[in-house]
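The values are calculated or read from the model by the stated rules, or taken from the named source; none is laboratory data. Quick caveat, the model's predicted, so the values are computed rather than measured. Glycine also receives a Cβ, built like all others from the backbone with ideal geometry; neighbour counts cover every protein chain displayed.
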Amino acid sequence: EILLTQSPGTLSLSPGERATLSCRASQSVAGSYLAWYQQIPGQAPRLLIYGASSRATGIPDRFSGSGSGTDFTLTISRLEPEDFAVYYCQQYGTSPMYTFGQGTKLDIK
Amino acid sequence: QVQLVESGGGVAQPGRSLRLSCAASGFTFSSYGMHWVRQAPGKGLEWVAVTWYDGSSKYYADSVRGRFTISRDDSKNTLSLQMNSLRDEDTAVYYCARGGGVYCTGGSCYSLDYWGQGTLVTVSS
């Protein structure tokens, strides 16, 4: 079973700043199999990034994904007020077939 | 536009059953894999089950295998989750989500691109 560990647990930043969120896998993950989601409290998750680095439909270009192997990163270049939310990485594997990281909460400083 | 609307949540006693439904619209339902994902109160996301676009394969999380059954009715554009032998730890908001399509390529095959708003299941005596 591949475990995903996200860090930090909470990130406190101000609008306009750059956010860097990490997702580390316990075993190597193919880049195609890694995705990122945003969840605003009280709302359903929203797909941001698939295939480690491809933006989903309608996602602003301030969001970018990178990484390979066991280390993946979600970067938000300049934080907007609506970006303060919880972010999850997700990978496709074997058993279990899909797993999520525990999440990183992005707080307004 | 793509819409997924869950229903069927509510309160159930431990050991009892509940059936969730997800009504899909705005896309060719029969061409996409479909998932259930849950979120316990105040916790993170947990993947529950997936059915392939043609229903040929179904996979489950270890925590629900043997108790939950995912199914689809392409004639009604509906995804279902039959939940039997419910436990306290099954209490969660259950989301249905769209997976990879029959013509997906690369990473789009392995992500969940549209989600419903969820339905709350509470297991309590």
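Worth a mention:
- Filtered by the rule that a residue be more than 7 Å from chain A (Cβ to nearest Cβ) and either in a helix (DSSP H, G or I) or modelled with pLDDT of 95 or more (or both), the range B:104-120 gives B:C109, B:Y114, B:T119, B:L120.
- Filtered by the rule that a residue be more than 13 Å from chain A (Cβ to nearest Cβ) and either more than 23 Å from B:G10 (Cβ to Cβ) or of a type in the set (S, T, Y) (or both), the range B:78-103 gives B:T78, B:S80, B:S85, B:T91, B:V102, B:Y103.
- Inside the range A:40-52, residues that are touching a residue at least 12 places away in the same chain (Cβ under 8 Å) and within 8 Å of another protein chain (Cβ to nearest Cβ) make up a count of 5.
- Residue in the range A:74-87 that is touching a residue at least 24 places away in the same chain (Cβ under 8 Å), within 11 Å of chain B (Cβ to nearest Cβ) and surrounded by fewer than 22 Cβ atoms within 10 Å (Cβ to Cβ) present: yes
- Set side by side, the residues A:Q90, A:Q27 differ, and just one is touching a residue at least 40 places away in the same chain (Cβ under 8 Å) and closer than 20 Å to B:C104 by Cβ, which is A:Q90.
- All positions within the range B:25-47 that are in contact with a strand residue (DSSP E or B) (Cβ under 8 Å, 6 or more places away or on another chain), closer than 25 Å to B:Q1 by Cβ, surrounded by 13 or more Cβ atoms within 10 Å (Cβ to Cβ) and of a type outside the set (F, W, Y): B:S31, B:G33, B:M34, B:H35, B:V37, B:R38, B:Q39, B:L45
- The sole residue among A:G69, A:G9, A:G16 that is at negative phi, surrounded by fewer than 18 Cβ atoms within 10 Å (Cβ to Cβ), more than 9 Å from the chain's Cα centre (by Cα) and not hydrophobic (A, V, I, L, M, F, W, C) is A:G9.
- Looking only at the range A:21-37, and only at residues there that are within 11 Å of chain B (Cβ to nearest Cβ) and closer than 21 Å to A:P60 by Cβ, the one that is farthest from the chain's Cα centre (by Cα): A:L34
- Criterion (within 14 Å of chain B (Cβ to nearest Cβ), farther than 29 Å from B:A92 by Cα and at pLDDT 95 or above) met by exactly one of A:S14, A:S66: A:S66
- Some residue of the range B:103-112 being closer than 17 Å to A:Y37 by Cα and in contact with a His (Cβ under 7 Å, 6 or more places away or on another chain): yes
- Tally of residues being more than 22 Å from B:C104 (Cβ to Cβ) and either small (G, A, S) or touching a Ser or Thr at 6+ places or on another chain (Cβ under 6 Å) (or both) across the range B:32-60: 3
- Qualifying positions in the range B:97-112 - without any contact (Cβ under 8 Å) to a residue 24 or more places away in the chain, surrounded by fewer than 21 Cβ atoms within 10 Å (Cβ to Cβ) and of a type outside the set (S, T, N, Q): B:C104, B:G106, B:C109
- For the range B:29-54, filtering for residues that are assigned to a strand (DSSP E or B), out of contact with any Gly (no Cβ under 9 Å at 6 or more places or on another chain) and away from chain A (no Cβ under 12 Å) leaves 0.
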